[in-house]
Structures are given as C-alpha cells and as structure tokens.
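Below is one structure, written out as structure tokens; comments come after it.
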Amino acid sequence: MNIPDIETRHRAMDDGELLALASQQDQLTTDARTSLAQELARRRINPNKLSDELREEVRTRNGRERRWNPGAIYSFVPGSKVFVARIKDWRTYKRQTGQYPIRSIGAYAFHVAIALFIFVGLVWYAVGDHWSRWGLAGAFLLLASVEGYFSDRLLGEMRLREIARYRSRRRPKG
C-alpha cells in the first residue's frame with residue numbers, strides 16, 4: 001500500500017477507529033505510523049490522554065477485530081466448512097464414546113492425501129501436454145464429481161460401521 005492510500009484510509013476512519021489503531025502501532029509499517037500520527041495531529045487527538053470511556057471503546061474495538069470470523073474463511077475456502085463440521089463430528093463422537101473414531105480419521109486423511117496426489121498429478125500432466133484451461137477445468141469437474149460421490153458414500157458407510165461397533169460393545173450380552 002502506498003502513502004496516499006494509507007492517508008485516505010486514515011481520513012475515512014472515525015476517532016475511535018484511529019485510537020484503536022494507535023493502540024496497536026507496533027503492528028504498523030513506518031509509513032502507516034507516520035500517516036496515523038499526522039491524522040491524529042490534524043484532528044487534535046492525543047492518544048496518550050484518553051478518557052476512561054475512550055479507553056474502553058478502544059479495548060472493545062481491538063477485541064472485536066481480533067475475533068475469529070468463520071464466515072470470512074468459509075467464503076474464501078468453501079470446503080473448510082465441511083472440514084470444520086467433520087472435526088466437530090469427531091469431537092462429538094469422542095465425547096459420547098470416550099475415544100476418537102480412528103478409522104474415520106485415518107480414512108479421511110488417506111482420502112485427502114490421495115485427492116492432493118491426483119490434483120498435483122493432473123496439473124503436472126496437463127501442463128506437460130499443453131491442455132487448455134477449459135480441458136483442465138472439465139477434467140477437474142469430472143474427477144471431483146466422481147470422487148465426491150464415492151468418498152461421501154464410503155466415508156459415510158465407514159462412520160456407520162464405527163457407530164454400530166460402538167453400540168454393539170455397549171450392549172449388555174444376555
């Protein structure tokens with residue numbers, strides 16, 4: 001980011017946002033620090049002499065900015081939502097049974113490794129044979145459809161077997 005962009009961004013912030021930024025100056029570049037100091041001086045704000053209310057507002061803003069927002073990650077990597085749901089499912093299974101579903105975790109890890117291997121191999125082959133973008137996209141779409149269907153089915157069946165095995169161990173014999 002260049003200096004005019006930084007200055008424009010600082011001018012667009014309200015006083016609370018500037019103060020929140022001023023409390024985190026160690027994370028800013030030299031140009032950003034200079035621009036922030038100039039904007040604070042232009043508005044006649046001294047970050048060292050804050051009222052208790054402003055200090056609380058700064059703390060609140062800083063805390064809000066640092067929270068993890070899963071929605072933002074899901075929009076960049078849509079598959080991460082499925083991955084997070086799977087991990088929660090494994091944790092729920094552990095809470096209910098006292099042990100992790102080792103076979104499901106192993107099968108999932110194996111599945112991810114094979115999928116990455118196929119992805120890299122397909123890209124390597126496509127680059128070597130000078131495939132068009134559309135040809136590569138078509139091959140990915142076909143492979144992803146087939147892989148998605150079979151992996152969901154196989155991993156689901158494995159999960160059902162683990163649940164059935166757990167239930168049969170807990171059932172009293174008699």
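We did not get these values from a lab; they are worked out from the coordinates using the rules stated. All of these numbers come straight from a predicted model, not from anything done at the bench. Here Cβ is always computed from backbone atoms with ideal geometry, including for glycine, and neighbour counts include all displayed protein chains.
Some values worked out for this structure:
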item: Qualifying residue in the stretch 114-126 (condition: closer than 27 Å to R169 by Cα and either touching a Lys or Arg at 6+ places or on another chain (Cβ under 9 Å) or in contact (Cβ under 8 Å) with a residue 24 or more places away in the chain (or both)); result: no
item: Restricting the stretch 85-113 to residues that are aromatic (F, W, Y) and within 16 Å of R165 (Cα to Cα), the residue that is surrounded by the fewest Cβ atoms within 10 Å (Cβ to Cβ); result: Y100
item: The listed residue being in contact with a helix residue (DSSP H, G or I) (Cβ under 7 Å, 6 or more places away or on another chain) and of a type in the set (D, E, K, R), out of E162, E157; result: E162
item: Sole residue being part of a helix (DSSP H, G or I) and surrounded by fewer than 11 Cβ atoms within 10 Å (Cβ to Cβ), chosen from L155, L116, L136; result: L116
